[in-house]
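Worksheet: the structure to be examined is printed underneath.
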Amino acid sequence: MTTVQPAAATPADHAVPVGSPPLEVIGRMRRWLRGTLRGKDEVCDLALACLLAGGHLLIEDAPGLGKTTLAKALAVLAGGRFARVQCTPDLLPSDVTGFTLYNQQSRQFEFHAGPVFADVLLADEINRATPRTQSALLEAMAERQVTIDGKPHPLPGHFFVVATQNPLEHLGTYPLPEAQLDRFGIRLRIGYPARGDEVELLRMARSVGPEDGHGEAGSLPTGIELDRLQRFVAGVAVAERVAAYLVDVGRELRARLGGDRGPSPRGLLVWQRVAQAWGAIEGREHVTPDDVRHVAAPVLGVRIDLPRGEFDGLLDAALAATAVPVGRHGA
């Protein structure tokens, strides 16, 4: 099943003036997004970092914890269309990318765009789609284009995929290959909210209903220039010693894993970009070693296939074994 809809509109009187300082705009986005998923500030911040870094997001968690709510909120930030694809074993690649159909009246082939041409695509339970259908997303995620009948079709420059999978059910699923996992920026788990947040969630549902906006999120300023913000994030300063620290942690992980396992150079590039986004979210125009460490688990967790406890121990050991730089933009 596929649904496509425009992102929710917001009042014009909350417009962001053209050319507003990027850090100010990012701060507004952060505060608004936190209001969409009560009690999950860290999850919202990391999801925003992934969007600003130009990556794609993989959410692993049980149903009903807010994955779709978060994806729709990110679509609002992206400022465009939101599409949802419910992945099933009978889903075809053309159901995602689109297809050409012969029009007998015009005697021409016409292209019918699939849901992948949205600004934000939610691929729900992506591991229930067959490898063939999963691979249809690979070109879109990597190149931001799809090729149909030999003709390339470009996607929006800030095309963003939010994919979900349920880690508790494995019957009838097809694990994502490493090549596809490496196309994601980060992997998140939302988790159950605290008791007080669940009580407040029930109270809010009685007053606004389950589908009436984003609760206490308030009005998001319109006029967000996502492309400009992503370019700003790409220019956030990374000192040589901080970049070397990131590489050293990556090499330490490779040494501990042995063989050809561990983060690839592309994975290190994604790690740096997400750290840049995290620095911007924290209100800075430079990256610190703390930023590198803070986003390490969600970035590397999608690239190192280990049970969660084992992965956490491995990462902690690698970080402890690597000297932290000091000085300008250091510890």
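The table for this structure:
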{"read-out": "Residue list for the stretch 120-140, filter: in contact with a helix residue (DSSP H, G or I) (Cβ under 8 Å, 6 or more places away or on another chain) and either of a type in the set (A, V, I, L, M) or not assigned by TED's automatic domain parsing to the domain that holds Leu48 (or both)", "value": "Val120, Leu121, Leu122, Ala123, Ile126, Ala136, Leu137, Leu138, Ala140"}
{"read-out": "Qualifying residue in the stretch 267-290 (condition: acidic (Asp, Glu), crowded, with 16+ Cβ neighbours inside 10 Å and without any contact (Cβ under 8 Å) to a residue 40 or more places away in the chain)", "value": "yes"}
{"read-out": "For Ala73: the one exception among (1) in contact with a Phe, Trp or Tyr (Cβ under 9 Å, 6 or more places away or on another chain); (2) part of a loop (DSSP other than H, G, I, E, B)", "value": "(2)"}
{"read-out": "Single match in Asp95, Asp61 (criterion: assigned by TED's automatic domain parsing to the domain that holds Arg189, modelled with pLDDT of 90 or more and of a type in the set (Asp, Glu))", "value": "Asp95"}
{"read-out": "Enumeration of residues in the stretch 249-306 that are at pLDDT 95 or above and assigned to a loop (DSSP other than H, G, I, E, B)", "value": "Glu282, Gly283, Arg284, Glu285, Val287, Thr288, Val295"}
{"read-out": "All strands (runs of 3 or more DSSP E) inside the stretch 88-141 with 3 or more residues being surrounded by fewer than 22 Cβ atoms within 10 Å (Cβ to Cβ)", "value": "98-103, 108-113"}
{"read-out": "Flag for Leu168 being exposed (fewer than 15 other Cβ atoms within 10 Å of the Cβ) and either touching an Asp or Glu at 6+ places or on another chain (Cβ under 9 Å) or among the aliphatic types (A, V, I, L, M) (or both)", "value": "yes"}
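The values are calculated or read from the model by the stated rules, or taken from the named source; none is laboratory data. Being a predicted model, the structure only gives us computed values, none of them experimental. When we count neighbours, we look across all protein chains shown, and the Cβ atoms used for this are built from the backbone with ideal geometry, even at glycine.
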